[in-house]
Amino acid sequence: MGKRRGGRELLRSLSKKQKKHLREFGEEHPFYDKVLLLLLLHSCFPFQSENSDKSSAESDSETELEQVSVYHKLLATLKTSPESESEEEEDESESEEAGESETEMDSGGSQEAGEASGDEDKNDVPEQKEATDTAEQMLGQEQTDGADTSCDLRVIEEFTDVKHESEFSLETNFMEEESGDCNASKRDSNSSQAFSEDPFKQHMDRELEEKEVEKISTLPKTSSQSKWPRLGQLTFSSTLEKHKTLKADKEVDARQLYLHKPLESTWPKVNKQFLSSVNKPSDPSFTPLQRELFCVMNTYQDLFYPERNALTNGEEIRHAYCLHALNHVLKANAQVLSNNAKRRDQKPGTENDDYRDQGLTRPKVLMIVPFRECALRIVHIFISLLEVNDKRKIDVSNKKRFKGEFGSDPEEKPPNLKRPEDYEAIFAGNIDDHFRIGVAILQKSMRLYAPFYSSDIIIASPLGMRTVIGAEGEKKRDFDFLSSIEILVIDQADIYLMQNWEHVLHLMRHINLLPLDSHGVDFSRVRMLNLNNWSKYYRQTLLFSALQDPQINSVFNKHCFNYAGQVAVRNVPLSGSISHVAVQLPHVFRRLEAENVTAVIETRFQFFINKVLPEYRDAIMSHTLIYVPSYFDYVRLRNYFKKEDLNFTHICEYTKKAAVCRARRFFLKGEKQFLLFTERFHFYKRYTIKGIRNLIFYELPTYSHFYSEICNMMKATDNEMDPTWTCTVLYSKYDAQKLAAVVGIDRTAQMLQSKKTVHLFVTGEN
């Protein structure tokens, strides 16, 4: 009873912001880590709050400094508060900013939540209330079942993870201690020549000149083509003159990969599930796809691979980039620990500029993934790669809590839910899209839930990053931890088009910027590339997607400045998804002319209401489904239909379940002539709409296989074909990529050359 009473009193003493933080953002900042630590310090040591406020005031007073140069600006931040205090302030900033932003973001991360209709927007209220109730129950469970909440030092150590903080600090560890080998320095000197040939060292140690940086920023890139056995058609582009086109390695020698220990021995075991008996004895550890992908990754060039498939090669690709990211982190940390030992052994008073081996902040790798399940699989891969054998298990802190928050309960899934295989693969496990977690790694141990400024790898969703970065003008925001990111992995980029693409763009605008605070960095160890604000020219971006889209291409072309160059896979689809249509019906592709990309939206709307819609107003053209990819277009059409008093119903991603059932029933019985249907609803639900006789694709679908799925719904009511069924598609010359994915490259070339309406009749075997 004493513990429970103490827990209740402790909860009552929390401020409103702290309670809101505990209820809504437990996964980002453990309530039993920072918040309770601060509370216990306030209750046990009242002077701590005054010192903290004083330090914060001093830090705020010193932010406005004279801007002489980049280097002097960074040196000026040395007078700020110590690292421990800055980390506490950073955590408080994240929690308060996240609490203010949570009400603006829906669980699906959709960009148009604010513009949904009033009755549809209320869908989020019960879910938020349920989440809040769950958070309160979890909070009560932790306080009743946990350790004593009194001012016990053991409790403070448990919740603040002080022990792990010292163990994972790069500044206080040395190579000998970390590796357990007293001859590490000798081994390091013997392998110095091999280390100099390491792609990691070659890429990070190269010093760019100002002329080269100016050339990368201003001049266009020169490109060349090459065809590889597995990846297919590759486009190599670079601005620098010394540009070499890679050739595919038919066989991979493990020694040429420069894998850091223990990855040389663990990778073949971890990757064994994807290998087959076809693999050559000289190449036993990589699949053909992984071999060519890793060949590009290991050169530290940017990579865009738009053929990721959750059913076939998704896990292969995940293992490949996890190997590359972990290899990079282990090498970087080993270099820092080795230099720590060298500095410790050097004579006092001697200055050496050869130990510049760090960035302005510690995080080196940022992984953007859509769901918690993806983060769970990545961490499991890291653990497997670090465990040499069953007897030598690595120490993973907070592992139980991580599994609880990122894992899923199999019983939560409805038993008789039938969905396509690709849907099951994408939405497997925990599909919460609001998360972020820091991971600190040394060779024998891993720390989960590490503060960002003590992490090597950050795994997050776009929404999770957005709530931390904040917006311009907000008091509580932080993006300094993104200043020295050396590898950026954006996996399943196509899913972010279904969530909120603006979050991705917001992240790209705030990555590799100069930090506003020093965060306790030793400037004598910082690389000159970071001091010169040239981090973005060294950052490698790995972009994986299931499709080619102009918005994804724009990120790769406009936000990636890697001096090493870029490699993009540019395969053209020979046969489109129209060949998978099992319904015999005519497909009418109607081309609209627009002056530019921005004018397409208005041109399409006017073309639809003036030329297409009048043909379907007749009662004989009932049961017409209008497929609308963009939510903004959906809202505009809905308002127009209401204004014209048309007999229609509508379904979008914000529609309540009861309203969806009514709309489907009205449409099936013919009580409603038109059904407005959004692409995102189909992406997240995959309901079969019955009663379709006429189809209108207001715009080509983002996913090409959605075209055949929607067309095949026409036989859901009756297997017999009706000669009166129709399918109309609107397109422009700016939809070339989507059009090629639907009808194939040959038909696309013909349709773009001709400005006439194209009629295609598909029998299901084309």
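If the condition is being touching a strand residue (DSSP E or B) at 6+ places or on another chain (Cβ under 9 Å) and either modelled with pLDDT under 90 or in a loop (DSSP other than H, G, I, E, B) (or both), then segment 224-239 contributes Leu231, Thr239.
For every residue, the table says whether it meets (1) open to solvent by 20 Å² or more (accessible area, probe 1.4 Å); (2) out of contact with any helix residue (DSSP H, G or I) (no Cβ under 7 Å at 6 or more places or on another chain).
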| residue | (1), (2) |
| --- | --- |
| Lys669 | yes, yes |
| Lys690 | yes, no |
| Leu695 | no, no |
| Tyr698 | no, no |
| Ser704 | yes, no |
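The set of residues from segment 503-522 being open to solvent by 30 Å² or more (accessible area, probe 1.4 Å) and assigned to a helix (DSSP H, G or I) comprises Leu505, Arg509. All conditions but one from (1) farther than 17 Å from Arg686 by Cα; (2) under 36 Å from the mean Cα position of the chain (by Cα); (3) of a type in the set (Phe, Trp, Tyr) apply to Tyr654; the one that does not is (1).
Yes or no, residue by residue, for (1) surrounded by 18 or more Cβ atoms within 10 Å (Cβ to Cβ); (2) modelled with pLDDT under 95; (3) in the same structural domain as Ser579 (by the TED database):
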| residue | (1), (2), (3) |
| --- | --- |
| Lys642 | no, no, yes |
| Thr649 | yes, no, yes |
| Ala659 | no, no, yes |
| Phe674 | yes, no, yes |
| Asn719 | no, yes, yes |
| Asp735 | yes, yes, yes |
| Val743 | yes, yes, yes |
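Checked across segment 371-386, the condition of being in the same structural domain as Phe479 (by the TED database), of a type outside the set (Phe, Trp, Tyr) and assigned to a loop (DSSP other than H, G, I, E, B) holds for no residue. Regarding segment 440-447, can at least one residue be identified that is on the phi < 0 side of the Ramachandran plot and within 18 Å of the chain's Cα centre (by Cα)? No, segment 440-447 contains no residue that is on the phi < 0 side of the Ramachandran plot and within 18 Å of the chain's Cα centre (by Cα).
Here is the figure for segment 442-473: residues that are outside any strand (DSSP E or B) and either of a type in the set (Val, Ile, Thr) or closer than 20 Å to Val388 by Cβ (or both) total 6.
Restricting segment 212-237 to residues that are surrounded by 15 or more Cβ atoms within 10 Å (Cβ to Cβ) and aliphatic (A, V, I, L, M) leaves a set whose member that is nearest to Gln566 (Cα to Cα) is Leu234.
With respect to the conditions (1) of a type outside the set (Val, Ile, Thr); (2) touching a Phe, Trp or Tyr at 6+ places or on another chain (Cβ under 7 Å); (3) touching a residue at least 60 places away in the same chain (Cβ under 8 Å); (4) farther than 28 Å from Asp432 by Cα, Asp517 lacks only one, and its number is (2).
Checking the stated criteria, Asn533 turns out to be farther than 22 Å from Arg680 by Cα and more than 19 Å from the chain's Cα centre (by Cα).
The values are calculated or read from the model by the stated rules, or taken from the named source; none is laboratory data. Just so you know, these numbers come straight off a predicted model, no measurement behind them. Note: ideal-geometry Cβ built from the backbone for every residue, glycine included; neighbour counts use all protein chains shown. To get the accessible areas, we keep the full protein, side chains included, count just its heavy atoms, and leave off ligands, DNA and RNA. Shrake-Rupley method; radii C 1.70, N 1.55, O 1.52, S 1.80 Å.
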